[in-house]
Amino acid sequence: MFDPERKAESLAMDRVRRSLAEAERVVVLTGAGVSVESGVPTFRGEEGLWRSHRPEQLATPAAFARDPRLVWEWYAWRRERVGGCRPNAAHRALARWALSRPGVLIVTQNVDGLHGDAAIEAAGDRAPETAAWPIELHGSLFRVRCTGCGERRPHVAPIDTGSRASLPRCPDCGALLRPDVVWFGEPLEDRTIGRALAAARGCDACLVVGTSAIVHPAASVAVEAAHGGAVLVEVNPDPTPLSPLAGVSLRATAATAVPRLLGGPNEAGPA
Ligand code: APR
């Protein structure tokens, strides 16, 4: 039985596949939606983190200065929540794709580390710092930064939030360590956002997966790509402020649509 909706969808998928296959330089911008099918909560959805937590109480420099124990308690809970999650088919398809062809840059707003996990899985025994390694615009739950000397280091050990004295401290200078994530009111690292925006301005296609596109400068990565003439493809069950700029908006979930676009294990995708 002819189903016009399915026909339109498959035509859109074919168009996107062709655009991605023909693009020399592709920037992929992801948000919390790419990790939903790994079990990681979003920020603004029905079950979103900002529905049950006040960001200004937990994700600002002032909150940390006021009560570092409470802030670490929340980040320790988020680490635990995310720690058991694994990359889903979208993370894996993106990592394999970035490894299999030149000119792909993955830029994520997520701090869950799942794109990095997928890059390590895809790289096998090659160095994980490969082409599949993402630019983490907002930092990582699994890295800390010293509030004294600024030193950054990976950190996955459990956090003892029993008292202020038991919070993690810098082995070099003894100052309190904080989560190495970008808090509201803080600027992104110039080098990090600068690299992402430069790539966006010069790309031929920008694949935007699972972001509400309301937080800047992260969302500007996609806007700059579109303004630079790139084809913008959006994968999101819901419309966003980027939808009017998108050549194609696939109203689908990441783990369903991304492998089909990029040639997941069971799908023919772009070369
Ligand atoms: N597949 C794809 N997209 C999905 C899925 C899914 N399975 N489920 C939900 N989405 C979409 C939602 O429709 C929404 O547009 O993912 C988006 C998630 O939006 P947010 O929760 O706002 O997350 P994000 O866009 O990443 O937030 C940006 O805001 O609070 C800050 O620093 C935080 O990095 C975060 C930034």
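The values are calculated or read from the model by the stated rules, or taken from the named source; none is laboratory data. Note that the structure is predicted; figures quoted are calculated from it, not measured. Every residue, glycine among them, receives a Cβ derived from its backbone with ideal geometry; neighbour counts consider all protein chains shown. Note: accessible area is taken over every heavy atom of the protein model, side chains too, but ligands, DNA and RNA are not part of it. Shrake-Rupley method; radii C 1.70, N 1.55, O 1.52, S 1.80 Å.
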Taking interchain pairs and intrachain pairs at least six residues apart, which have beta carbon atoms under 9 angstrom, with the first residue in region 254-271 and open to solvent by 60 Å² or more (accessible area, probe 1.4 Å) and near the ligand (Cβ under 9 Å from one of its atoms) and the second assigned to a helix (DSSP H, G or I) and at pLDDT 95 or above?
THR256/GLU37; THR256/ALA89; THR256/ALA90
Looking only at region 128-150, decide whether some residue is of a type in the set (S, T, N, Q), assigned by TED's automatic domain parsing to the domain that holds ASN110, within 18 Å of GLY113 (Cα to Cα) and more than 15 Å from the chain's Cα centre (by Cα).
yes
Kindly check whether there is at least one residue in region 183-192 that is open to solvent by 20 Å² or more (accessible area, probe 1.4 Å), more than 16 Å from the chain's Cα centre (by Cα) and modelled with pLDDT under 95.
yes
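With in contact (Cβ under 8 Å) with a residue 40 or more places away in the chain, more than 10 Å from the ligand (Cβ to nearest atom), out of contact with any strand residue (DSSP E or B) (no Cβ under 8 Å at 6 or more places or on another chain) and hydrophobic (A, V, I, L, M, F, W, C) as the only criterion, which of ALA76, ALA65 stands out?
Working: ALA65 fails: in contact (Cβ under 8 Å) with a residue 40 or more places away in the chain.
Within the list ALA76, ALA65, the selection yields ALA76.
Go through region 227-252 residue by residue and tally those that are surrounded by fewer than 20 Cβ atoms within 10 Å (Cβ to Cβ) and over 21 Å from TRP50 (Cα atoms).
Step one: list which residues in region 227-252 are surrounded by fewer than 20 Cβ atoms within 10 Å (Cβ to Cβ), which gives 227-229, 237-239, 241, 243-245, 247-248, 251-252.
From what is left, the residues that are over 21 Å from TRP50 (Cα atoms) are 227-229, 243-245, 247-248, 251-252.
Qualifying residue count, region 227-252: 10.
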Tally up the residues in region 102-122 that are surrounded by fewer than 24 Cβ atoms within 10 Å (Cβ to Cβ) and among the acidic types (Asp, Glu), please.
2
Please verify whether region 65-74 includes one or more residues that are in contact with a Leu (Cβ under 9 Å, 6 or more places away or on another chain), buried (at least 16 other Cβ atoms within 10 Å of the Cβ), modelled with pLDDT of 90 or more and closer than 22 Å to ALA254 by Cα.
no
Select, from ARG81, ARG145, the only residue that is within 21 Å of GLY39 (Cα to Cα) and not hydroxyl-bearing (Ser, Thr, Tyr).
ARG81
Can you confirm whether region 166-173 contains a residue that is assigned to a helix (DSSP H, G or I) and not assigned by TED's automatic domain parsing to the domain that holds THR108?
yes
